[in-house]
Amino acid sequence: MGLALKDLLRAHCLPQRLAGHCGGASPFPFPEMAQDSVGLSSDYQFWMQKVSTWDQASTVETQQDTCLHLPRFQEFLRQMYEALKEMDSNTVIERFPTIGQLLAKTCRNPFILAYDESQKILIWCLCCLINKEPQNSGDSKLNSWTRGLLCHVLSAFRFDIREVGLFTQGLGYAPADYYPGLLKNMVLSLVSELRENHLNGFNTQRRMTPERVRALSRVCVPLITLPDFEPLVEALLTCHGCEPQEVLWPEFFDAVSEAFLLKKISLPTSAVVCLWLRHLPSLEKAMLHLFEKLISSERNFLRIERFVRDSSLPEAACHPAIFRIVDETFRYALLETDGAPEILATIQVFTRCFLEALEKENKQLKFALRTYFPYASPSLVTALLQHPKDIPQGLWHQSLQHISEMLREIVEDQTHGSYGGPSDCWFAFIHFGGWADVAAEQLLRSEADPPEAVLWLLAFSYSPRDGSQQRAQTMEEVKAVLGRLLKLLRSPGFSARDVQAAAGQSREEAPRPLECGPLIRRLLLNFLLWAPGAHAIAQEVITLMAPTREITHEITGFLDQTLYRWDHLCTTAPASRKLASELLTELRGQV
């Protein structure tokens, strides 16, 4: 997982990639091999040999080899179609003289026809061979032969109705319903047997043998995406025997994982949990799939939430083992990206969705919270878990004070005990980042002197690696900026330049440490949203404070996050909400 995630994160610059979309994509997610004739010819010879081998033998080993290569062969067929559709039938025969043999052998292979979209793509390839205006008997023969193959493919998996007609009538089936009814009964029978096997695992006389379970999982590989087989796939995933080794075929897990990620099958959470616990590479693929979606999309909290919910990770993470793996992956991504805001946002959204799922599943918690956050103080986690909307607004400062005191005791005390050090505390705190946002807002909505505990909490949340002395300097600077902003708030009028000077961003000011810049900008943006006198000059202030694309992107993310948080806090501030929405729309048009 480490190498794959590192390659993914380093191959894409998160802030830049998330700031905009790429161009239009091909309708097929594969390279067009028609542009590489050498590569296609080489692949063609390889697969010609393969289908010939599969056609001549029907041993278990041949079937295993077929199933192993099905995803790659389907990709080849898709690439082949991309090449064929650009040629007329005569050119196809000239360039691929043995294509008839390849397609005929493919049409006779039930494993290939049953797998995913192979049957559909094969039909596309066959259609490319048909000459719409046959010029001679050879063209007509080819057309007739091709149509025969098409009829075979379209009627594959259907019994000869004439042979079983009397039998089906006796069973009460209409001829057209015989095959679906038989398939459904067969699947239900196997599902029942597997469930009985699961419930009677120690009764060897009533158990399905491990060899049969393994063989069944192998046979299912090409059939996984067929809706009728979903109950059987679920039963195989949730069936646990007493064997020390995994009995299901590895390719079965790979096929299920791929189909689930591409939304070709749907599985209940219990089956997804079993898949990810029994086959960790599937969980790793799910995490990488989520990161790929984040990288290919602009930063938007609603979009992030949709991606997170679609991944099924929050529900599955109610199992502590899955939560710990997912959480450690987030920690790794955070380190690799040096605390990228997009990863921070995803962690916060994931945590929120996870807590919702945990509340639904566990009205009374099955697992102690320390099971999910073993390196954080239980009392700290309990305090962070209190959502601000569940606490009267007048008591928010008390909660902030309590959280700050607990964090400060662990971070600045040399003996961290059994709850880890500053990095573990910070990682636990950012899961519940809403408290840092509440702290920044509270400092600007009160005319009282800023509490030291809240200043410390903000300084720590933005620069967790700082030592005590450096953090104290940050607190002093933030306090000075707050004083100047609150003074402006009490003045009869002020300009955009006045606000810029109050934030210490004028040219006369000494350069500010890099880590302190985002925190000051966060306070300044809160001032613009909450101070009525600042609404008219907000756009001008943002133009002054965002000289670079990176800072503009940062401000866009803050406004998006603020609106998202207000929605969940049920904050009623029409004027502030309207301004934030207008600024966000304006800035998104610039990046």
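The values are calculated or read from the model by the stated rules, or taken from the named source; none is laboratory data. None of these values were measured; they are calculated from a predicted model. We place every Cβ from the backbone using ideal geometry, glycine too, and count neighbours over all the protein chains shown. The area values use the complete protein model at the heavy-atom level, side chains included, leaving out ligands, DNA and RNA. Shrake-Rupley method; radii C 1.70, N 1.55, O 1.52, S 1.80 Å.
What are the trypsin sites (Lys or Arg not before Pro) within region 453-503 that DSSP puts in a loop, where the Cβ has at most 12 other Cβ atoms within 10 Å?
Values: sites: 465, 471, 479, 484, 487, 490, 497; in loops: 465.
Passing both the DSSP loop test and the Cβ count: 465.
Take 228, 254 and sort them by solvent-accessible surface of the protein heavy atoms, 1.4 Å probe, largest at the top. Please report the intermediate quantities before stating the final value.
On the way: 228 75, 254 55 Å².
Putting 228, 254 in descending order of accessible area: 228, 254.
When all protein chains stay in place, what accessible area (Å², nearest 10, 1.4 Å probe) is found for residue 309?
About 90 Å², ignoring ligands and nucleic acids.
Can you list which of the trypsin sites (Lys or Arg not before Pro) found in region 48-94 are DSSP loop residues with at most 15 other C-beta atoms within 10 Å?
Numbers: sites: 50, 72, 78, 85; in loops: 85.
Sites meeting the loop and neighbour criteria: 85.
Taking residue 487 as the anchor, which lysines have their alpha carbon closer than 17 Å to its alpha carbon, excluding any fewer than eight residues away along the same chain?
Those lysines meeting the cut-off are 479.
Note the full-extension length gain between residue 585 and residue 543 as 0.36 nm times their separation in residues minus their Cα-Cα distance, in nm to one decimal. Each step should come with its number before you reach the end.
Numbers: separation 42, 0.36 × 42 = 15.12 nm, distance 1.43 nm.
So the extension gain works out to 13.7 nm.
Rolling a 1.4 angstrom probe over the protein chains, ignoring ligands and nucleic acids, what is the accessible area of residue 530 in square angstrom, nearest 10?
50 Å²
What's the long-distance tail for region 533-591, i.e. % of Cα pairs beyond 16 Å?
Working: 720 of 1711 pairs.
Here the tail beyond 16 Å accounts for 42 percent of pairs.
Evaluate E = 1/(1 + (r/R0)^6) for residue 385 and residue 60, where r is the Cβ-Cβ distance and R0 equals 60 Å; express this FRET efficiency to the nearest 0.05. Mind showing how you got there, number by number?
Details: r = 53 Å, r/R0 = 0.89.
So the FRET efficiency works out to roughly 0.65.
Using alpha-carbon positions, what is the distance between the centroids of region 329-346 and region 80-98, in Å?
Centre-to-centre distance over Cα atoms comes out at 48 Å.
Do any GluC sites (Glu not before Pro) in region 430-491 lie in a loop, going by DSSP, with at most 11 other beta-carbon atoms within 10 Å of their beta carbon, and if so which?
Values: sites: 441, 447, 452, 476, 477; in loops: 447.
Of the GluC sites (Glu not before Pro), the ones in loops of region 430-491 whose Cβ has at most 11 other Cβ atoms within 10 Å are 447.
Give me the accessible area of residue 51, 1.4 Å probe, in Å² rounded to the nearest 10.
Around 0 Å² of this residue is reachable by solvent.
Checking the cross-link filter: which lysines have an alpha carbon closer than 23 Å to that of residue 120, excluding same-chain neighbours under 8 positions apart?
Cross-link targets: 50, 85, 105, 132, 184, 263, 264.
For residue 293, give me every one of the aspartates and glutamates with a C-alpha distance below 14 angstrom, ignoring sequence neighbours fewer than eight places off in its own chain.
In chain and number order, the partners are 305, 310, 342.
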